[in-house]
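Visitor: Handing you this structure, nothing more for now.
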Amino acid sequence: MRMVDVERIKTFVLAGNATFTLVSARTSTRFTYRIRCPGDKDTDDAASSTRAPAYFVALLTGSDNRRDYNYLGVIFDGRTYRHGKTKACAGADAPSAKAFDFFWRCLAQGSLPDALEFWHEGHCGRCGRLLTDPSSIEIGLGPDCAEKV
């Protein structure tokens, strides 16, 4: 499902279990990413409330779209993206890394260019369950998870 609302995209991406594809409308080049925030989002212990979460960005690098994801970088505090340098599966100058960096900078500024399409896979961005309700598919989150994000 294509999403165009920047705030909904950001909420989906930072929900903790998001998989999505970025597509260039000009070149039809596409890259699929997975962003995970480890830990139980339902816990309210003191350690998790004082420390901002880190979101790990992975790039789909093979044909198995469930398992072939490799580390690309980290989003700190829901704002700052850093490429993973030597541990990343692709160098900072690789088209896939540049595409994510561009996407994240646009998202931070509150707008996406028309030439950049954002598509989610039809699963909840928080829990990963298949979405079946049209309004849930539209926002990329199931009703229970939407209340928690």
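Visitor: Among the candidates 115, 108, 146, 94, which residue alone is out of contact with any strand residue (DSSP E or B) (no Cβ under 7 Å at 6 or more places or on another chain) and closer than 19 Å to residue 2 by Cβ?
Guide: Only one candidate qualifies: 146.
Visitor: May I pose another question? Can you pull out the residues in the range 6-53 that are of a type in the set (Gly, Ala, Ser) and either outside any loop (DSSP other than H, G, I, E, B) or modelled with pLDDT of 90 or more (or both)?
Guide: 15, 16, 18, 24, 25, 28, 46, 47, 48, 49
The values are calculated or read from the model by the stated rules, or taken from the named source; none is laboratory data. Values in this document were obtained by computation on a predicted structure and should not be read as measured data. We place every Cβ from the backbone using ideal geometry, glycine too, and count neighbours over all the protein chains shown.
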